[in-house]
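As structure tokens, the structure follows; a few thoughts come after it.
What follows draws every value from the coordinates through simple rules; no lab data is involved. Just so you know, these numbers come straight off a predicted model, no measurement behind them. Here the Cβ positions follow ideal geometry from the backbone for every residue, glycine too, while neighbour counts run over all protein chains shown.
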Amino acid sequence: MQLPQIRMQSQLAQIQIHTTSAKQQIKQPKADLIIHQPQAQLSIKTTPGKLDIDQSKAWEDMDLMSILKRNDRHAQEGMRAVAQGTARKASEGTELMKIENGGTPLISQAVRNGHDQMKSLGIKFIPSAFAVKFNYQPAKVHIDAETNQPTIQAIPNRPIINYQPGSVETSLKQREDLQISFTNLEQ
């Protein structure tokens, strides 16, 4: 015996989704910089060096001196010669006073006073060592530098944003379907 049968055949619906991605572009222009650097203030002060050379002693050693110095020297030599002459005359007078003690004071004084002293030979035009005096004061330099701070101005630029939105499209790829069939239904 054959039983009646119902056959069902179904097909599910299918949805199709199509997406387009969003696109975004961002450009950031560089900031505009304005930099101003004022010059530094520089001040230089110089005190010049000073060199003093005193060669008066060297000139005196070579017997080339000023008239005032020469007059002073001659005056001192005259005073000394007078003092020496006075002492010599006093000494000779004392010798003559004591003539009764014996001896020959007149002859010895005549021999002493009758001859000039020997002149010394030597080079007199070379000054003594270290006769020239030097005094040097070096130059002084004072440097004063004053810096000035830079002025920096930054102007930012806004970013350029380009945006394309994405999209989603849905559609029915396959429709649903239900088929029913019957078999062995005959009576």
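Averaging the Cα positions of each part gives two centres, and for the stretch 27-95 and the stretch 129-187 these lie 74 Å apart.
Tell me what the chain gives for mean residue ellipticity at 222 nm when only DSSP H runs of n ≥ 4 count, each as -39,500 (n - 2.57), the sum divided by the residue total, rounded to 500 deg cm²/dmol.
Result for the chain: -8500 deg cm²/dmol, rounded to the nearest 500.
Along the Cα-to-C-beta direction of T151, a point sits 7 Å from the Cα; which residues of the stretch 26-44 have their amide N less than 18 Å from that point? 32-41, by backbone N distance to the label point. Set against the labelled values (i) 40, 19, 14; (ii) 26, 20, 16; (iii) 147, 22, 12, semi-axes √(5λ) of the Cα gyration tensor in Å computed from this structure falls on (iii).
Each residue of the stretch 32-47 was assigned a 3J(HN,Hα) from its phi angle through the Karplus curve 6.51 cos²θ - 1.76 cosθ + 1.60 (θ = phi - 60°); the sequence is 8, 10, 10, 10, 10, 10, x, 5, 6, 8, 10, 10, 10, 10, 10, 9 Hz, with glycine and proline shown as x. The slack in the chain from K89 to K30, taken as 0.36 nm per residue of separation less the alpha-carbon distance, amounts to 9.8 nm.
Subtract the Cα-Cα distance of R70 and S21 from 0.36 nm times their separation in residues, and report this length gain in nm to one decimal. Let's see the in-between values first.
Values: separation 49, 0.36 × 49 = 17.64 nm, distance 11.75 nm.
Gain on stretching R70 to S21: 5.9 nm.
Length available on full extension from I160 to I180: 0.36 nm per residue minus the Cα-Cα distance, which gives 1.0 nm. Scalar couplings 3J(HN,Hα) for the stretch 83-90, obtained by applying the Karplus form with A = 6.51, B = -1.76, C = 1.60 to θ = phi - 60°, are 5, 5, x, 5, 5, 5, 5, 5 Hz; x denotes Gly and Pro.
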